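Notes for the one structure printed next.
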Amino acid sequence: MDIAHFVFGIFGNASGLFLFLAPIVTFKRVITNKSTEKFSGVPYPMTLLNCLLSAWYGLPFVSPDNILVSIINGIGAAIEVTYVFIFVLFAPKKEKAKILGLFSFVVAVFSAVVLVSLLALHGNARKLFCGFAASIFSIIMYGSPLSIMRLVIRTKSVEFMPFFLSLFVFLCGTSWFIYGLLGRDPFVAVPNGVGSALGTIQLILYFIYRDSKSDGKKATAASSSGTQEEGTVEMAKHANSNGTTTQEEQV
């Protein structure tokens with residue numbers, strides 16, 4: 001049981017890392033064009049919060065035997081901070097202020113969770129508090145691709161839902177779901193079970209619509225709305241990696 005628990009944690013770390021690194025293509029384009037264009041910056045600070053809370057939950061004095069959760073989410077947090085910095089650097093003034101505001105919110109929420117858990121709570125109460133906080137934001141992150149799934153169904157096109165993104169969302173969510181079951185930890189199993197289910201649905205949609213061609217009007221709609229939502233699509237990868245990911249994207 002302990003060996004299986006460790007092995008699925010390693011699988012979760014590997015697939016989670018791929019999810020966190022997925023937006024590199026987008027940021028390469030941002031740096032090259034020196035502009036964030038119409039990409040959304042919201043997923044990155046929100047994934048950062050998810051990673052920070054999940055990494056905190058996995059620490060030994062909060063939740064025993066979950067150090068693998070802390071490792072991947074600590075790495076994810078560092079990656080997300082880099083994304084936020086690059087986005088703010090090249091974003092227009094209004095968007096820059098928005099993302100900096102979200103970043104301040106992330107720092108405030110994480111600081112509050114840390115202070116409350118350290119100063120006011122101990123033992124199982126600390127684990128429950130931090131686990132609920134991490135799980136809530138993990139589920140929110142896993143739910144981020146729902147708008148893209150609606151777009152796929154409406155336009156009958158998977159142009160803005162790449163196969164490998166959906167595949168790693170599924171693999172990451174499933175790995176951490178099994179890890180949580182083996183460790184009898186609902187704060188890991190439940191949100192990642194949601195991620196695994198959503199990843200499965202994405203793969204099903206991909207295989208249904210991969211060869212479909214939408215009419216001109218739908219294609220135009222997909223192009224305009226898809227460009228705006230691409231940042232969210234990549235977020236999906238994260239949300240699910242918190243091991244509790246960033247779909248960009250738990251314990």
Legend entry - Scan of region 157-181 for residues that are of a type in the set (S, T, N, Q) and part of a helix (DSSP H, G or I), ordered by number: Ser166, Thr174, Ser175
Legend entry - Those helices (runs of 4 or more DSSP H) lying entirely in region 1-66 with at least 3 residues touching a Cys at 6+ places or on another chain (Cβ under 9 Å): 2-21, 43-58
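For region 80-100, name all the residues that are of a type in the set (A, V, I, L, M), in a helix (DSSP H, G or I) and within 19 Å of Thr32 (Cα to Cα). Spell out how you get there, then give the answer.
So in region 80-100, the residues of a type in the set (A, V, I, L, M) come out as 81, 84, 86, 88-89, 91, 97, 99-100.
Next, from what is left, pick out any that are in a helix (DSSP H, G or I): 81, 84, 86, 88-89, 97, 99-100.
Within region 80-100, Val84, Ile86, Val88, Leu89 qualify.
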Inset, instruction - Return the total of residues in region 64-103 being within 20 Å of Cys172 (Cβ to Cβ) and acidic (Asp, Glu). - result: 2
Inset, instruction - May I ask you to list pairs of residues, at least six apart or on different chains, whose Cβ atoms are under 8 Å apart, with the first in region 63-84 being over 26 Å from Leu100 (Cα atoms) and the second being part of a helix (DSSP H, G or I) and among the hydroxyl-bearing types (Ser, Thr, Tyr)? - result: Ser63/Tyr57; Asn66/Tyr57; Leu68/Tyr179; Val69/Ser54; Val69/Tyr57
Legend entry - Hits in region 40-50 - residues which are surrounded by fewer than 24 Cβ atoms within 10 Å (Cβ to Cβ) and within 18 Å of Pro162 (Cβ to Cβ): Ser40
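Can you tell me which residue among Arg154, Arg184 is surrounded by fewer than 21 Cβ atoms within 10 Å (Cβ to Cβ), assigned to a helix (DSSP H, G or I) and modelled with pLDDT of 85 or more? Break it down into steps so the answer makes sense when it comes.
Details: Arg184 fails: assigned to a helix (DSSP H, G or I).
The unique qualifying residue is Arg154.
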Inset, instruction - Within region 105-115, identify whether any single residue is closer than 24 Å to Lys34 by Cα, among the hydrophobic types (A, V, I, L, M, F, W, C) and surrounded by fewer than 19 Cβ atoms within 10 Å (Cβ to Cβ), and answer yes or no. - result: no
Legend entry - Answer residue from region 157-181, given it is of a type in the set (Phe, Trp, Tyr) and closer than 16 Å to Asn13 by Cα and is surrounded by the most Cβ atoms within 10 Å (Cβ to Cβ) among those: Trp176
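The values are calculated or read from the model by the stated rules, or taken from the named source; none is laboratory data. Model, not experiment: these values are computed from the prediction. Glycine gets a Cβ as well: all are built from the backbone with ideal geometry, and neighbour counts include every protein chain shown.
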